[in-house]
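Worksheet: the structure to be examined is printed underneath.
The values are calculated or read from the model by the stated rules, or taken from the named source; none is laboratory data. Just so it is clear, the model here is predicted, and its values are computed rather than measured. Note that we place each Cβ from the backbone using ideal geometry, even for glycine, and neighbour counts take in every protein chain shown. Side chains are part of the model used for accessible areas, which takes the heavy atoms of the whole protein and leaves out ligands, DNA and RNA. Shrake-Rupley method; radii C 1.70, N 1.55, O 1.52, S 1.80 Å.
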Amino acid sequence: MADKIYPFAVARIRMLENYLLTEKEYSAITEAKTANEVFKALSEAGYGAPNEPLDVKNYEKALSERLSWAYSSVKELVPKEKFINVFLYKNDYQNLKVLVKSDISGFDGEKYLVEGGSLTIDEIKQAFETKNYGNLTENMGEAIVKSYETYGKTQHGQSVDIIMDAMAFKDMALAAKKSKNKFIREYVTYLSDITNLKSYIRLMNMGKNAVNFDDIFVEGGSLGLDTFKKAFNSSGGADAFKETAYKSLCEYMNGDFTTFEKECDNYIMSYIKGARYKSLTIEPVIAFVYAVETEVKIVRIVISGKINGIEAGVLKERLRDAYV
(Lines give C-alpha, C1' and ligand atoms only; values in the text may rest on other atoms or scores of the structure.)
Protein backbone atom coordinates (compact mmCIF):
# COMPACT_ATOMS: atom_id res chain seq x y z
CA MET A 1 0.00 0.00 0.00
CA ALA A 2 1.34 3.45 -0.96
CA ASP A 3 2.36 5.85 1.78
CA LYS A 4 -0.25 8.43 2.73
CA ILE A 5 0.60 11.86 1.35
CA TYR A 6 0.49 15.24 3.12
CA PRO A 7 1.21 17.87 0.45
CA PHE A 8 -0.08 20.84 2.47
CA ALA A 9 1.70 19.80 5.68
CA VAL A 10 5.02 19.24 3.89
CA ALA A 11 4.74 22.56 2.05
CA ARG A 12 4.11 24.31 5.37
CA ILE A 13 7.07 22.55 6.99
CA ARG A 14 9.34 23.61 4.13
CA MET A 15 8.38 27.19 4.95
CA LEU A 16 8.95 26.72 8.68
CA GLU A 17 12.40 25.26 7.95
CA ASN A 18 13.41 28.78 6.86
CA TYR A 19 13.21 29.79 10.53
CA LEU A 20 15.72 27.14 11.63
CA LEU A 21 19.23 28.28 12.50
CA THR A 22 21.84 27.43 9.89
CA GLU A 23 25.44 26.26 10.21
CA LYS A 24 26.51 29.86 9.44
CA GLU A 25 24.38 31.20 12.30
CA TYR A 26 25.73 28.58 14.70
CA SER A 27 29.25 29.62 13.78
CA ALA A 28 28.38 33.27 14.38
CA ILE A 29 26.96 32.77 17.88
CA THR A 30 29.90 30.53 18.74
CA GLU A 31 32.30 33.30 17.75
CA ALA A 32 30.36 35.86 19.84
CA LYS A 33 32.48 37.36 22.59
CA THR A 34 29.82 37.34 25.30
CA ALA A 35 26.58 35.64 26.22
CA ASN A 36 24.78 38.96 25.66
CA GLU A 37 25.90 38.97 22.03
CA VAL A 38 24.48 35.47 21.68
CA PHE A 39 21.20 36.59 23.22
CA LYS A 40 20.99 39.51 20.79
CA ALA A 41 21.62 37.25 17.78
CA LEU A 42 19.00 34.76 18.97
CA SER A 43 16.44 37.53 19.51
CA GLU A 44 17.03 38.66 15.92
CA ALA A 45 16.50 35.05 14.80
CA GLY A 46 13.10 34.90 16.47
CA TYR A 47 13.83 33.56 19.94
CA GLY A 48 11.87 35.01 22.85
CA ALA A 49 9.15 37.66 22.95
CA PRO A 50 9.67 40.92 20.99
CA ASN A 51 9.19 43.03 24.11
CA GLU A 52 11.29 40.79 26.37
CA PRO A 53 15.00 40.82 25.48
CA LEU A 54 16.79 37.53 26.13
CA ASP A 55 19.11 37.32 29.10
CA VAL A 56 20.53 34.84 31.59
CA LYS A 57 17.28 34.79 33.55
CA ASN A 58 14.81 34.02 30.77
CA TYR A 59 16.67 32.16 28.02
CA GLU A 60 15.53 28.74 29.25
CA LYS A 61 11.94 29.94 28.90
CA ALA A 62 12.71 30.99 25.32
CA LEU A 63 14.19 27.57 24.55
CA SER A 64 11.10 25.88 25.97
CA GLU A 65 8.89 28.13 23.86
CA ARG A 66 10.90 27.21 20.76
CA LEU A 67 10.18 23.55 21.38
CA SER A 68 6.51 24.25 22.07
CA TRP A 69 6.35 26.10 18.76
CA ALA A 70 7.61 23.02 16.93
CA TYR A 71 5.29 20.62 18.73
CA SER A 72 2.18 22.78 18.32
CA SER A 73 2.96 23.50 14.65
CA VAL A 74 3.11 19.81 13.86
CA LYS A 75 0.01 19.01 15.91
CA GLU A 76 -1.94 21.60 13.95
CA LEU A 77 -0.71 20.31 10.59
CA VAL A 78 -1.38 16.61 11.20
CA PRO A 79 -3.81 16.46 14.15
CA LYS A 80 -4.77 12.84 13.54
CA GLU A 81 -1.19 11.57 13.58
CA LYS A 82 0.15 10.27 16.91
CA PHE A 83 3.84 9.97 16.02
CA ILE A 84 4.44 13.29 17.81
CA ASN A 85 4.09 11.42 21.12
CA VAL A 86 7.46 9.81 20.40
CA PHE A 87 8.95 13.24 21.09
CA LEU A 88 6.52 14.35 23.80
CA TYR A 89 6.69 11.36 26.14
CA LYS A 90 10.14 12.31 27.45
CA ASN A 91 8.63 15.50 28.86
CA ASP A 92 5.77 13.59 30.48
CA TYR A 93 8.26 11.28 32.14
CA GLN A 94 10.45 14.19 33.23
CA ASN A 95 7.42 15.57 35.06
CA LEU A 96 6.66 12.20 36.63
CA LYS A 97 10.26 11.98 37.84
CA VAL A 98 9.98 15.41 39.44
CA LEU A 99 6.67 14.61 41.14
CA VAL A 100 7.83 11.28 42.54
CA LYS A 101 11.18 12.62 43.74
CA SER A 102 9.55 15.69 45.26
CA ASP A 103 7.12 13.49 47.16
CA ILE A 104 9.88 11.21 48.37
CA SER A 105 12.28 13.96 49.44
CA GLY A 106 9.87 16.73 50.45
CA PHE A 107 11.74 19.04 48.07
CA ASP A 108 9.70 21.48 45.95
CA GLY A 109 10.54 20.57 42.36
CA GLU A 110 7.97 22.85 40.72
CA LYS A 111 10.58 24.74 38.71
CA TYR A 112 11.76 21.50 37.11
CA LEU A 113 8.37 20.69 35.58
CA VAL A 114 8.31 21.20 31.81
CA GLU A 115 5.65 21.94 29.25
CA GLY A 116 5.56 20.15 25.93
CA GLY A 117 4.37 16.70 26.95
CA SER A 118 1.51 14.66 25.57
CA LEU A 119 -0.32 15.81 28.71
CA THR A 120 -0.29 19.22 30.37
CA ILE A 121 1.48 19.73 33.67
CA ASP A 122 -1.91 20.10 35.37
CA GLU A 123 -3.16 16.81 33.90
CA ILE A 124 -0.03 15.01 35.10
CA LYS A 125 -0.32 16.59 38.55
CA GLN A 126 -3.98 15.68 38.92
CA ALA A 127 -3.39 12.06 37.95
CA PHE A 128 -0.44 11.85 40.32
CA GLU A 129 -2.16 13.49 43.28
CA THR A 130 -5.44 11.56 42.95
CA LYS A 131 -3.69 8.29 42.02
CA ASN A 132 -6.16 8.05 39.16
CA TYR A 133 -3.96 7.07 36.22
CA GLY A 134 -6.73 6.66 33.67
CA ASN A 135 -5.52 9.59 31.55
CA LEU A 136 -1.92 8.38 31.63
CA THR A 137 -0.51 5.61 29.49
CA GLU A 138 -0.43 2.19 31.12
CA ASN A 139 3.35 2.40 31.29
CA MET A 140 3.23 5.76 33.07
CA GLY A 141 0.98 4.37 35.77
CA GLU A 142 3.22 1.32 36.13
CA ALA A 143 6.31 3.56 36.28
CA ILE A 144 4.88 5.49 39.24
CA VAL A 145 4.05 2.33 41.18
CA LYS A 146 7.41 0.67 40.42
CA SER A 147 9.33 3.83 41.33
CA TYR A 148 7.88 3.88 44.83
CA GLU A 149 8.35 0.13 45.28
CA THR A 150 11.97 0.21 44.12
CA TYR A 151 12.85 3.30 46.10
CA GLY A 152 11.40 1.63 49.19
CA LYS A 153 13.93 -1.17 48.72
CA THR A 154 16.97 0.81 47.56
CA GLN A 155 16.51 4.29 49.06
CA HIS A 156 18.27 5.59 45.92
CA GLY A 157 16.68 8.41 43.93
CA GLN A 158 18.51 7.19 40.83
CA SER A 159 16.25 4.14 40.79
CA VAL A 160 13.36 6.47 39.92
CA ASP A 161 15.29 7.80 36.92
CA ILE A 162 16.11 4.30 35.72
CA ILE A 163 12.52 3.09 35.89
CA MET A 164 11.08 6.23 34.30
CA ASP A 165 13.61 6.17 31.44
CA ALA A 166 12.91 2.51 30.69
CA MET A 167 9.15 3.08 30.64
CA ALA A 168 9.54 6.20 28.50
CA PHE A 169 11.26 4.17 25.81
CA LYS A 170 8.53 1.55 26.01
CA ASP A 171 5.93 4.21 25.33
CA MET A 172 8.01 5.70 22.54
CA ALA A 173 8.34 2.30 20.88
CA LEU A 174 4.58 1.73 21.17
CA ALA A 175 3.83 5.15 19.67
CA ALA A 176 6.19 4.46 16.79
CA LYS A 177 4.59 1.07 16.17
CA LYS A 178 1.08 2.56 16.21
CA SER A 179 2.12 5.20 13.71
CA LYS A 180 2.79 2.44 11.14
CA ASN A 181 5.50 4.68 9.73
CA LYS A 182 8.86 3.11 8.96
CA PHE A 183 10.76 6.38 9.37
CA ILE A 184 9.63 7.01 12.94
CA ARG A 185 10.04 3.33 13.88
CA GLU A 186 13.64 3.35 12.69
CA TYR A 187 14.26 6.62 14.51
CA VAL A 188 13.17 5.04 17.81
CA THR A 189 15.32 2.00 17.07
CA TYR A 190 18.40 4.16 16.53
CA LEU A 191 17.64 6.31 19.57
CA SER A 192 17.20 3.24 21.80
CA ASP A 193 20.42 1.63 20.58
CA ILE A 194 22.43 4.81 20.98
CA THR A 195 21.01 5.40 24.46
CA ASN A 196 22.24 1.92 25.41
CA LEU A 197 25.62 2.50 23.77
CA LYS A 198 26.07 5.67 25.82
CA SER A 199 25.17 3.80 28.99
CA TYR A 200 27.59 1.02 28.07
CA ILE A 201 30.47 3.46 27.56
CA ARG A 202 29.67 5.30 30.82
CA LEU A 203 29.80 2.05 32.79
CA MET A 204 32.98 0.94 31.03
CA ASN A 205 34.62 4.27 31.94
CA MET A 206 33.51 3.79 35.54
CA GLY A 207 34.98 0.30 35.65
CA LYS A 208 31.61 -1.35 36.22
CA ASN A 209 30.24 -4.50 34.63
CA ALA A 210 27.21 -6.12 32.98
CA VAL A 211 25.40 -6.57 36.28
CA ASN A 212 25.03 -2.80 36.56
CA PHE A 213 23.87 -2.60 32.94
CA ASP A 214 20.80 -4.81 33.38
CA ASP A 215 18.96 -2.09 35.28
CA ILE A 216 19.53 0.73 32.79
CA PHE A 217 19.10 -1.13 29.48
CA VAL A 218 16.18 0.28 27.48
CA GLU A 219 14.06 -1.70 25.06
CA GLY A 220 13.19 -0.79 21.49
CA GLY A 221 16.56 -1.11 19.76
CA SER A 222 18.15 -3.61 17.40
CA LEU A 223 20.98 -4.42 19.84
CA GLY A 224 19.75 -6.87 22.46
CA LEU A 225 20.84 -7.09 26.06
CA ASP A 226 22.91 -10.18 25.21
CA THR A 227 25.00 -8.12 22.79
CA PHE A 228 26.01 -5.76 25.57
CA LYS A 229 26.66 -8.56 28.05
CA LYS A 230 28.99 -10.19 25.56
CA ALA A 231 30.73 -6.86 25.10
CA PHE A 232 31.30 -6.54 28.84
CA ASN A 233 32.60 -10.10 29.05
CA SER A 234 34.97 -9.72 26.08
CA SER A 235 37.77 -7.24 25.71
CA GLY A 236 35.37 -4.37 26.21
CA GLY A 237 35.46 -1.12 24.32
CA ALA A 238 34.24 -0.88 20.75
CA ASP A 239 35.20 -4.26 19.28
CA ALA A 240 31.83 -5.86 20.01
CA PHE A 241 30.00 -3.34 17.80
CA LYS A 242 32.18 -3.26 14.69
CA GLU A 243 29.86 -5.63 12.84
CA THR A 244 26.71 -3.69 13.70
CA ALA A 245 25.00 -0.69 12.13
CA TYR A 246 27.01 1.48 14.53
CA LYS A 247 30.50 0.62 13.28
CA SER A 248 31.07 4.28 12.31
CA LEU A 249 30.78 5.21 16.00
CA CYS A 250 33.33 2.66 17.16
CA GLU A 251 36.34 4.91 16.61
CA TYR A 252 34.88 7.36 19.14
CA MET A 253 33.92 4.85 21.84
CA ASN A 254 37.32 4.65 23.49
CA GLY A 255 38.00 8.37 23.47
CA ASP A 256 36.49 11.49 25.02
CA PHE A 257 32.88 10.85 26.03
CA THR A 258 31.73 14.35 25.06
CA THR A 259 32.95 13.73 21.52
CA PHE A 260 31.25 10.34 21.47
CA GLU A 261 27.94 11.92 22.52
CA LYS A 262 28.26 14.49 19.74
CA GLU A 263 28.93 11.81 17.14
CA CYS A 264 25.91 9.83 18.39
CA ASP A 265 23.70 12.88 17.84
CA ASN A 266 25.22 13.39 14.40
CA TYR A 267 24.55 9.74 13.56
CA ILE A 268 20.84 10.19 14.20
CA MET A 269 20.83 13.53 12.37
CA SER A 270 22.35 11.89 9.29
CA TYR A 271 19.35 9.54 9.28
CA ILE A 272 16.87 12.36 9.87
CA LYS A 273 18.32 14.39 6.99
CA GLY A 274 17.04 11.73 4.62
CA ALA A 275 13.61 13.29 5.06
CA ARG A 276 14.72 16.35 3.10
CA TYR A 277 14.44 14.31 -0.09
CA LYS A 278 10.77 13.53 0.55
CA SER A 279 8.23 15.91 -0.93
CA LEU A 280 4.81 14.52 -0.08
CA THR A 281 4.99 11.94 2.72
CA ILE A 282 5.10 12.52 6.48
CA GLU A 283 8.89 12.22 6.93
CA PRO A 284 9.71 15.96 6.65
CA VAL A 285 7.11 16.73 9.32
CA ILE A 286 8.72 14.23 11.68
CA ALA A 287 12.21 15.48 10.86
CA PHE A 288 11.25 19.08 11.61
CA VAL A 289 10.54 18.21 15.25
CA TYR A 290 13.94 16.54 15.66
CA ALA A 291 15.61 19.47 13.86
CA VAL A 292 14.19 21.96 16.36
CA GLU A 293 15.12 19.73 19.32
CA THR A 294 18.69 19.58 18.00
CA GLU A 295 18.76 23.33 17.45
CA VAL A 296 17.71 23.95 21.05
CA LYS A 297 20.39 21.53 22.27
CA ILE A 298 23.06 23.37 20.26
CA VAL A 299 21.89 26.80 21.45
CA ARG A 300 21.95 25.63 25.07
CA ILE A 301 25.52 24.33 24.63
CA VAL A 302 26.65 27.67 23.22
CA ILE A 303 24.92 29.80 25.87
CA SER A 304 26.23 27.63 28.69
CA GLY A 305 29.69 27.82 27.19
CA LYS A 306 29.64 31.60 26.93
CA ILE A 307 28.37 31.99 30.48
CA ASN A 308 31.17 29.73 31.74
CA GLY A 309 33.90 31.35 29.65
CA ILE A 310 34.58 28.41 27.33
CA GLU A 311 36.63 29.34 24.27
CA ALA A 312 34.97 29.48 20.85
CA GLY A 313 37.26 26.75 19.48
CA VAL A 314 36.21 24.33 22.21
CA LEU A 315 32.54 25.16 21.67
CA LYS A 316 32.82 24.55 17.94
CA GLU A 317 34.09 21.07 18.64
CA ARG A 318 30.93 20.41 20.66
CA LEU A 319 28.43 21.62 18.07
CA ARG A 320 26.10 19.08 16.48
CA ASP A 321 25.31 18.92 12.77
CA ALA A 322 22.42 21.19 11.82
CA TYR A 323 19.42 20.05 9.79
CA VAL A 324 19.67 22.95 7.33
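Taking a ≥ b ≥ c as the square roots of the eigenvalues of the alpha-carbon gyration tensor, the range 50-206 is classed rounded because a/c is under 1.5.
Spatial offset of the range 1-65 relative to the range 232-292 amounts to 23 Å, using the alpha carbon center of each.
Expected output is a single nm value to one decimal: the length gained when fully extending between Thr259 and Lys273, i.e. 0.36 nm times separation in residues minus the C-alpha distance. What is it?
Details: separation 14, 0.36 × 14 = 5.04 nm, distance 2.06 nm.
Here the segment from Thr259 to Lys273 would lengthen by 3.0 nm.
Our helix-only sum for the chain, with -39,500 (n - 2.57) per DSSP H run of n ≥ 4 divided by its residues, gives a mean residue ellipticity at 222 nm of -21000 deg cm²/dmol.
Using θ = phi - 60° in the Karplus curve 6.51 cos²θ - 1.76 cosθ + 1.60, the 3J(HN,Hα) couplings for the range 253-265 round to 5, 9, x, 5, 5, 4, 5, 4, 4, 4, 5, 5, 4 Hz; x is entered for Gly and Pro. Between Thr120, Thr195, Thr30, the GNM of the chain built on Cα springs shorter than 10 angstrom shows Thr120 fluctuating the most. Between Val56 and Glu123, take the C-beta separation as r, use R0 = 30 Å, and let me know the FRET efficiency to the nearest 0.05. With a Förster radius of 30 Å, E is 0.45.
Determine the share of the chain's accessible area contributed by carbon and sulfur atoms, expressed in whole percent, with a 1.4 angstrom probe. Taking all protein chains in place, the chain shows 50 percent carbon and sulfur surface.
Stretched out straight at 0.36 nm per residue, the stretch from Glu311 to Ser27 would grow longer than its current Cα-Cα span by 101.0 nm. Residue by residue, the range 35-45 carries 3J(HN,Hα) couplings of 5, 4, 5, 5, 4, 5, 5, 5, 4, 5, 8 Hz when phi is fed to the Karplus relation 6.51 cos²θ - 1.76 cosθ + 1.60 (θ = phi - 60°); x denotes Gly or Pro. Computed over neighbours whose Cβ is under 10 Å from that of Glu295, the net charge equals +2, Lys and Arg +1, Asp and Glu -1. Compactness of the chain is given as radius of gyration and Dmax, 20.3, 59 Å, from Cα positions.
Within the listed set Asn36, Asn85, Asn212, the residue fluctuating most in the Gaussian network model of the chain (springs between alpha-carbon atoms under 10 angstrom) is Asn212. Just add up the charged neighbours of Lys90: K/R +1, D/E -1, any other residue whose Cβ is under 13 Å from the Cβ of Lys90. The answer is -3. For the range 117-254, the dipole from Cβ point charges (+1 on Lys and Arg, -1 on Asp and Glu) about the Cα centre works out to 280 debye, to the nearest 20. Could you tell me whether the range 216-324 comes out rounded, prolate or oblate from its Cα gyration tensor? Rule is a ≥ b ≥ c as square roots of the eigenvalues, rounded for a/c under 1.5, then prolate if a/b exceeds b/c, otherwise oblate. It comes out oblate by the Cα gyration axes. Available extension along the chain between Ser304 and Thr154 is 50.6 nm, counting 0.36 nm per residue and deducting the alpha carbon span.
The mean sequence distance of close C-alpha pairs (under 8 Å, at least 6 residues apart), as a share of the length of the range 1-126, puts its relative contact order at 17 percent. Charging the Cβ of each Asp and Glu at -1 and of each Lys and Arg at +1, and nothing else, the dipole of the chain about its Cα centre rounds to 580 debye. About its Cα centre, the dipole of the range 170-324 is roughly 420 debye, where the only charges are +1 on Lys and Arg Cβ and -1 on Asp and Glu Cβ.
Note down the net charge around Phe8, summing +1 for each Lys or Arg and -1 for each Asp or Glu among other residues with Cβ under 13 Å from its Cβ.
Numbers: positive: Lys4, Arg12, Arg14; negative: Glu76.
Once positives and negatives cancel, what remains is +2.
With the charge dipole of the chain set up from +1 on Lys and Arg Cβ and -1 on Asp and Glu Cβ about the Cα centre, the Cα lying farthest toward the positive end among the listed residues Asn91, Ala175, Met206 is that of Ala175.
Return one whole number: the accessible area per residue of the chain in Å², for a 1.4 Å probe. Spell out each step's value before the answer.
On the way: 16940 Å² over 324 residues.
In whole numbers, the chain has 52 Å² accessible per residue.
The GNM of the chain, with springs linking C-alpha atoms under 10 angstrom apart, assigns the highest mean-square fluctuation among Thr130, Thr294, Thr258 to Thr130.
In this simple spin-label approximation, Arg202 and Glu17 carry label points 7 Å from Cα along the Cα→Cβ vector, and these lie 3.4 nm apart.
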